[in-house]
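Okay, so here's the structure we're looking at.
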Amino acid sequence: MSGLELANELAARETVRVEVIERGPATRKEHVLWDGGTHLGDEKTRRWAGEGWGPGGGLSERLGGRSLCYHGVFLGVEAPALAAWPVEWIDRLEGHYRTLPQELEGSFPELRQRFRVAEGLGLRHVPQAAVLSADRTLMKAYTPLTRATALAEAGTVEIVRAAVVRVHPRGRSWIVDVTDPEGTPGQRGPFDACVLTSSAIGNVQLLSRSLDREVETNLTDHLCVGGLVRLPPGRPLTEYRNRKLWAGYLPVPELNTNIFVREFEPAPNGDRLLDIHAVVEQDASDEGSSTLLALPRSRPEAHITPMVSEEDEAKLVEVRHRVSALASLIGQEPVRALAESPGTLDQARAAIATGAPNSVAYYRMPYGEYEHESSTHPIGGKAIEVGTDLEVAELPGVHVAGPGAFPRMGAANPALTILAMSRSLAAVLHGRYS
Ligand SMILES: Cc1cc2nc3c(=O)[nH]c(=O)nc-3n(C[C@H](O)[C@H](O)[C@H](O)COP(=O)(O)OP(=O)(O)OC[C@H]3O[C@@H](n4cnc5c(N)ncnc54)[C@H](O)[C@@H]3O)c2cc1C
């Protein structure tokens, strides 16, 4: 996501020649919820080593990255978390938070929907850069791949299929060591500048190999608890549109949490079925987040030591109470928990299928499965010094972009900030290198 958005913005300025080096295939052209077909090599194959890292974690390696599977939720980092960012970035991000949704809302009408019933209960609109098919069964979200494909066809951006191994200097330029899909080593470049955008974890692996040293750093991901709710028949929050679209959300700043609500099609007996789903920022201190160790070996290795602190666990209990309170508010009756402790999403689905009206089945997503991993090489961080313009101090001319560079993620889903960061960096690089 971050790399193609950056390439598009740089190429649009015409005086910069841009090459994108992507390890995955270019076979998938559409979102996985729009084109559900199988595309060879497009499956999630590389999982992160480390106990506790959820089975869904890892990279979707394909041109377009996870912009072809995310759900388009577009929220900016909230003010208390944004305060941890350098002041230049607060201005840059807030500008793009305003203009990006405006620019995209013509093509993605879900950015501007409004729902009176949900708003009447105090829920805010969830902006989703998403569009549905005419029969509403398919959904796709904004992806920079569409524009990148057009720029590549016009010859403005060159897209090369290869895995980046490391970058190293030659004079004042940068050479990129790569491996092609057959495993043959090669080189690309020389380039005036390189930007690493291979995800928060992938970037640390590339930095470790480029710096030729072990890098031990912190890593964080959102925590997620929720409840599937059954209510008696009644007026829905919104007209039913698609399972992946939210009806609204409730910010809970004192718990660094956003609680999202969606309503599914009613059960055969008319009961209302909802998902109330909380996205929780982990303890923002270094002590409260996981560690990532990247080794500078010929074969990339990343070891993750997952960490969910006691404070986080206590916060999750509080969040669960808020989920229950919100369910009761929506149903206008107290809801009863079908089990005290949260189970898996599948267990919650099975429980709510036979539950009585006004009941909730709690679930908890495995840590690391949410794929909002971030803050591994933050601006101003300790393990790798990254400057305000996202340049790596030890590798002048090499920049990083994406959620790994976030000083703090807050409770917001990262995509809008990822896109805003890439656009801001494009402006910086254009000023420097054109
Ligand atoms: C199911 C799902 C739903 C989501 N929904 C939302 C949402 O609604 N809103 C939101 O804000 N976020 C959402 N996210 C999270 C969001 O998709 C990610 O935060 C975002 O895609 C991360 O962007 P990125 O550029 O860091 O990584 P990616 O999008 O994963 O891109 C990294 C790219 O680098 C390539 N690559 C990796 N290693 C190498 C290498 N060595 N050489 C060359 N190329 C390499 C990969 O193949 C990939 O194309 C969702 C994620 C998932 C999985």
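The values are calculated or read from the model by the stated rules, or taken from the named source; none is laboratory data. Quick caveat, the model's predicted, so the values are computed rather than measured. Using ideal geometry, Cβ is built from the backbone for each residue, glycine included, and neighbour counts are taken over all protein chains shown.
Tabulated data
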| quantity | calculated |
| --- | --- |
| GLY122 more than 14 Å from the ligand (Cβ to nearest atom), outside any helix (DSSP H, G or I) and surrounded by fewer than 19 Cβ atoms within 10 Å (Cβ to Cβ) | yes |
| Breaking point among (1) at pLDDT 95 or above; (2) exposed (fewer than 13 other Cβ atoms within 10 Å of the Cβ), for GLN128 | (2) |
| Residue that is nearest to VAL176 (Cα to Cα) [pool: residues in region 1-50 that are at pLDDT below 85 and among the hydrophobic types (A, V, I, L, M, F, W, C)] | TRP48 |
| Identity of the residue in region 152-177, within 26 Å of the chain's Cα centre (by Cα) and of a type in the set (Gly, Ala, Ser), that ends up nearest to ASN203 (Cα to Cα) | ALA163 |
| Candidates ARG209, ARG230 - the one that is part of a strand (DSSP E or B), of a type outside the set (A, V, I, L, M, F, W, C) and touching a Pro at 6+ places or on another chain (Cβ under 8 Å) | ARG230 |
| Verdict on ARG262 being in contact with a strand residue (DSSP E or B) (Cβ under 9 Å, 6 or more places away or on another chain), outside any strand (DSSP E or B) and not assigned by TED's automatic domain parsing to the domain that holds PRO169 | no |
| Some residue of region 336-358 being assigned to a loop (DSSP other than H, G, I, E, B) and within 16 Å of the ligand (Cβ to nearest atom) | no |
| Qualifying position, being over 23 Å from LEU255 (Cβ atoms) and either modelled with pLDDT under 95 or part of a strand (DSSP E or B) (or both), among THR376, THR291 | THR291 |
| Within region 289-317, considering residues that are of a type in the set (D, E, K, R) and surrounded by 15 or more Cβ atoms within 10 Å (Cβ to Cβ), the one nearest to the chain's Cα centre (by Cα) | ASP312 |
| Considering residues of region 77-118 that are touching a strand residue (DSSP E or B) at 6+ places or on another chain (Cβ under 8 Å) and part of a helix (DSSP H, G or I) only, the residue modelled with the lowest pLDDT | ALA118 |
| Filter result for GLY106 (assigned by TED's automatic domain parsing to the domain that holds ILE21 and out of contact with any Asp or Glu (no Cβ under 8 Å at 6 or more places or on another chain)) | yes |
| Checking TYR367 against (1) among the aromatic types (Phe, Trp, Tyr); (2) within 15 Å of the ligand (Cβ to nearest atom); (3) over 22 Å from the mean Cα position of the chain (by Cα), the condition it does not meet | (3) |
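Every residue, every condition in (1) within 16 Å of the ligand (Cβ to nearest atom); (2) of a type in the set (Lys, Arg); (3) within 27 Å of GLU265 (Cα to Cα); (4) in contact with a Ser or Thr (Cβ under 7 Å, 6 or more places away or on another chain), yes or no:
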{"site": "GLY64", "(1), (2), (3), (4)": "yes, no, no, yes"}
{"site": "GLY72", "(1), (2), (3), (4)": "yes, no, yes, no"}
{"site": "ASP91", "(1), (2), (3), (4)": "no, no, no, no"}
{"site": "PRO101", "(1), (2), (3), (4)": "yes, no, no, no"}
{"site": "GLN113", "(1), (2), (3), (4)": "yes, no, yes, no"}
{"site": "SER133", "(1), (2), (3), (4)": "no, no, yes, no"}
